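Chemist: Take a look at this one; I'll ask things after.
The values are calculated or read from the model by the stated rules, or taken from the named source; none is laboratory data. Here the structure is a predicted model, which means the values were calculated and not measured. Here the Cβ positions follow ideal geometry from the backbone for every residue, glycine too, while neighbour counts run over all protein chains shown.
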There are 2 protein chains.
Amino acid sequence: MEGSSNAFPMNGGEGPHSYSRNSSGQRIFIERARKLIQEAVAEHLDIEAFSSSGVFLVADLGCSVGPNTLYAVSNVLQAVEQKCQSLGLDSQILEFQLFFNDHVGNDFNTLFRSLPADRRYHAAGVPGSFYGRLFPKSCLHFVHSSFTLHWLSGVPKEVQDKSSPAWNKGRIFYPSASEEVVKAYAAQFAKDMEVFLHARAQEVVLGGLMMLTCVTRHDGALHSEAFANRSLDLLESCLVDMVKKGTISEERMDEFNLPMYYASPQEMKEAVERNGRFSIKKMVELFEGSAEAYPLTRKTIASSWRAVLEGLLKEKMQLGDEMLDELFDLFTRKHDESSIFEFVRESSFTFVLLERSTTN
Amino acid sequence: MEGSSNAFPMNGGEGPHSYSRNSSGQRIFIERARKLIQEAVAEHLDIEAFSSSGVFLVADLGCSVGPNTLYAVSNVLQAVEQKCQSLGLDSQILEFQLFFNDHVGNDFNTLFRSLPADRRYHAAGVPGSFYGRLFPKSCLHFVHSSFTLHWLSGVPKEVQDKSSPAWNKGRIFYPSASEEVVKAYAAQFAKDMEVFLHARAQEVVLGGLMMLTCVTRHDGALHSEAFANRSLDLLESCLVDMVKKGTISEERMDEFNLPMYYASPQEMKEAVERNGRFSIKKMVELFEGSAEAYPLTRKTIASSWRAVLEGLLKEKMQLGDEMLDELFDLFTRKHDESSIFEFVRESSFTFVLLERSTTN
């Protein structure tokens, strides 16, 4: 049930490069999501249908470790409790079970230690890729997944195949690559979404909700103009510099590609429609209008990427600690010199609220 | 939901002192339990009542980490599948969810990595003390707990209270202590069992089964004559030697006590009857008739105790690695010189099969 190709969790523990201490950027959007979760539950959750069983099961898919993990799910709980109160239902008789899911390599030990002692829910950790079944059929009432679906189940095979026209020689990502490479990544995203939605359709009860927060690229925008893609282009150019210097071999560079894809809201919508088991109750795209408003500084961008990508670079590119320091120092400098913030307006965050809505 | 007083898990990882590599003694009894689990499921599980929902939830309480963990639950699954087949039910339409529970300090990361990739169940880890609620109401179909209930929720308060007649000065355990100390331990066991059974009564569905494998002391036997107690008496005498040598302070020795109690089958029975929500479907006491038949050698006894107690001794007695080496070397020597195997016949293993049987 566990895909091995993309099982690189965020940095664990609580050290200087940990995801736990380098995820403040994500937090800002989770706070924005708070209001949307409240609205979603208030408007669309049929709590009366669920409360008869006395239990309410919530899953956080790709939960990682850190303050954001607990913050997100506590928002869901609070919203459900408020909904109960607004209907005059006693929310105290409702028992919550919260499932924290992430890859088997995620630091569940740290996650479990961070759970509040006075929590009013039963907690469980679920190891495994969400590109596959994780839960019994028809058991989940609310699924939450935030900043996760741009992670593919793996790098598309073609981009690592020397004989394919989509071979991504000398690059680690698609934004500035050939059209074939972009197509291979887009196809992988579509396929992964199919697997994701198929699995969730089996696990979520009829009428259950799923709230996805995704990093997206504005409809119609070029891949190369999306903020995250621009940033990763800089990372690619740092690696190219290190190849030129001889620090990294050309072969290793050719073999490595990032298993990520920033879809557009339209691509998300199409995936949901193809699956056919969920209806879109809400789809909100959020922008940052100007660089000044953007919550990440140049410094925090580099640290954030390090927390996210270090495990992957260590394992797949066999970069040691010194090489990682060199890489991310260079990366920080390139950010400082770049006009990257001009591209902020082509990036967006899309909140999608789905309801499991058909009996098939 | 997590008691902190006894949250000392077995040694994690896979090193020479890990529980994972020092639990072969327990394994032998788990293998004996295999047949009993099969019989229990075959004779007492009303699988037709449960299979309509299509899911079957199993919890392993105090699962620890290691080969035994997976072996025990796979026995349960196999038994349920066999039962389905014997009734002509398609066991493939039944989905299993397995909850692995242990203290929050248990090494869940290693446990999750050890789960087989081709498992035919959904796995989840549940952190927290089983002396409290862990799951939503009425959700579990089968609970398994093996070699766990001799761990108390904590040391009885009186034995650490200088002003109490039950103060356990100069000792770490009850078998050779005053009657007051023994009574305090027995009362703690009774209280803990009450909490344990009360929580499980809420979590297990009507008709659900609970299989407990317990290390016990034969009814009527003196505490000091049970095998595990004799062994821990030797550990106590090693610590007394170290106090005499000045390696450990007298004060530290006075403050430390083991949070364990080996109950008799009769005490188990009384606890179940006091709770009143479970009926005893089976209670089998197993003995080892002679020392020769006993599966543990003197060497493996010391290693087993080390894997089990090291965390506790490190934290509560502040013993460093060197002191632990000294302690367990001495412990091994004392075992070699002791007549401990003569006491094997007063120890037993008791398998208790309970059914959640009343509607209250």
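Chemist: I'm trying to understand the selection: among the residues of region B:303-333, which are within 23 Å of residue B:222 (Cα to Cα) and modelled with pLDDT under 90? Don't jump to the end; show me each part of the working.
Modeler: Step one: filter region B:303-333 for residues within 23 Å of residue B:222 (Cα to Cα), giving B:305, B:331.
B:305 - this is the single residue of region B:303-333 that is within 23 Å of residue B:222 (Cα to Cα) and modelled with pLDDT under 90.
Chemist: Could you tell me how many of the residues in region A:120-153 are over 30 Å from residue A:188 (Cβ atoms) and either out of contact with any strand residue (DSSP E or B) (no Cβ under 8 Å at 6 or more places or on another chain) or outside any strand (DSSP E or B) (or both)?
Modeler: 2
Chemist: Pick from region B:42-67 the residues that are buried (at least 24 other Cβ atoms within 10 Å of the Cβ) and out of contact with any His (no Cβ under 9 Å at 6 or more places or on another chain): which of them is farthest from residue B:205 (Cα to Cα)?
Modeler: Ranking the candidates gives B:66 first.
Chemist: Out of A:122, A:141, which single residue is within 11 Å of another protein chain (Cβ to nearest Cβ), crowded, with 20+ Cβ neighbours inside 10 Å, farther than 29 Å from residue A:304 by Cβ and not polar (S, T, N, Q)?
Modeler: A:122
Chemist: Continuing with the same structure: Pick out the one residue from B:182, B:195, B:155, B:143 that is of a type outside the set (Lys, Arg) and closer than 27 Å to residue B:112 by Cβ. Spell out the reasoning first.
Modeler: Working: B:182 fails: closer than 27 Å to residue B:112 by Cβ; B:195 fails: closer than 27 Å to residue B:112 by Cβ; B:155 fails: closer than 27 Å to residue B:112 by Cβ.
Testing whether each residue is of a type outside the set (Lys, Arg) and closer than 27 Å to residue B:112 by Cβ leaves just B:143.
Chemist: Just to verify a result, which residue in region A:94-119, among those that are at the interface with another protein chain (Cβ under 7 Å from one of its Cβ atoms), of a type in the set (A, V, I, L, M, F, W, C) and not in a loop (DSSP other than H, G, I, E, B), is nearest to residue A:72 (Cα to Cα)?
Modeler: Within region A:94-119, the match that is nearest to residue A:72 (Cα to Cα) is A:99.
Chemist: Right, residue B:204: among the aliphatic types (A, V, I, L, M), within 14 Å of residue B:145 (Cβ to Cβ) and buried (at least 23 other Cβ atoms within 10 Å of the Cβ) or not?
Modeler: Values: among the aliphatic types (A, V, I, L, M): yes; within 14 Å of residue B:145 (Cβ to Cβ): yes; buried (at least 23 other Cβ atoms within 10 Å of the Cβ): yes.
Yes, satisfied.
Chemist: Which is at pLDDT below 95 and either facing chain B (nearest Cβ under 8 Å) or within 16 Å of the chain's Cα centre (by Cα) (or both), of A:146, A:129, A:153, A:91? Working first, answer last.
Modeler: Details: A:129 fails: at pLDDT below 95; A:153 fails: at pLDDT below 95; A:91 fails: either facing chain B (nearest Cβ under 8 Å) or within 16 Å of the chain's Cα centre (by Cα) (or both).
None of the other options fit; the residue is A:146.
Chemist: So which residues in region B:31-70 are touching a residue at least 24 places away in the same chain (Cβ under 8 Å), more than 25 Å from residue B:127 (Cβ to Cβ) and either aromatic (Phe, Trp, Tyr) or not in a helix (DSSP H, G or I) (or both), if there are any at all?
Modeler: Matches in region B:31-70: B:45, B:46, B:50, B:54.
Chemist: Within the bounds of region B:116-133, is there any residue that is closer than 30 Å to residue B:249 by Cα and among the polar types (S, T, N, Q)?
Modeler: Keep residues of region B:116-133 that are closer than 30 Å to residue B:249 by Cα, which gives none.
No, that holds for no residue.
Chemist: Yes or no: residue B:181 away from every other protein chain (no Cβ under 14 Å), buried (at least 24 other Cβ atoms within 10 Å of the Cβ), in contact with a strand residue (DSSP E or B) (Cβ under 6 Å, 6 or more places away or on another chain) and among the hydrophobic types (A, V, I, L, M, F, W, C)?
Modeler: Values: away from every other protein chain (no Cβ under 14 Å): yes; buried (at least 24 other Cβ atoms within 10 Å of the Cβ): yes; in contact with a strand residue (DSSP E or B) (Cβ under 6 Å, 6 or more places away or on another chain): no; among the hydrophobic types (A, V, I, L, M, F, W, C): yes.
So residue B:181 does not fit the description; no.
Chemist: Can I ask one more? State yes or no: is residue B:209 surrounded by fewer than 23 Cβ atoms within 10 Å (Cβ to Cβ), more than 30 Å from residue B:335 (Cα to Cα) and touching a strand residue (DSSP E or B) at 6+ places or on another chain (Cβ under 9 Å)?
Modeler: Values: surrounded by fewer than 23 Cβ atoms within 10 Å (Cβ to Cβ): no; more than 30 Å from residue B:335 (Cα to Cα): yes; touching a strand residue (DSSP E or B) at 6+ places or on another chain (Cβ under 9 Å): yes.
Answer is no for this residue.
Chemist: Same structure again: Just checking, which of B:271, B:228 is under 24 Å from residue B:340 (Cα atoms) and not in a strand (DSSP E or B)? Spell out how you get there, then give the answer.
Modeler: Details: B:271 fails: under 24 Å from residue B:340 (Cα atoms).
Residue meeting the stated conditions: B:228.
Chemist: Yes or no: residue A:173 touching a residue at least 24 places away in the same chain (Cβ under 8 Å) and not in a strand (DSSP E or B)? Even if it seems obvious, please write down each step before you answer.
Modeler: On the way: touching a residue at least 24 places away in the same chain (Cβ under 8 Å): yes; not in a strand (DSSP E or B): yes.
Considered against the rule, which asks whether it is touching a residue at least 24 places away in the same chain (Cβ under 8 Å) and not in a strand (DSSP E or B), residue A:173 comes out as yes.
Chemist: Given the condition modelled with pLDDT of 95 or more, within 14 Å of chain B (Cβ to nearest Cβ), in contact with a Leu (Cβ under 7 Å, 6 or more places away or on another chain) and part of a helix (DSSP H, G or I), answer yes or no: does some residue in region A:200-208 qualify?
Modeler: yes
Chemist: Report every pair of residues separated by at least 6 positions or lying on different chains whose Cβ atoms are under 9 Å apart, first residue within region B:120-135 and without any contact (Cβ under 8 Å) to a residue 24 or more places away in the chain, second buried (at least 24 other Cβ atoms within 10 Å of the Cβ).
Modeler: none
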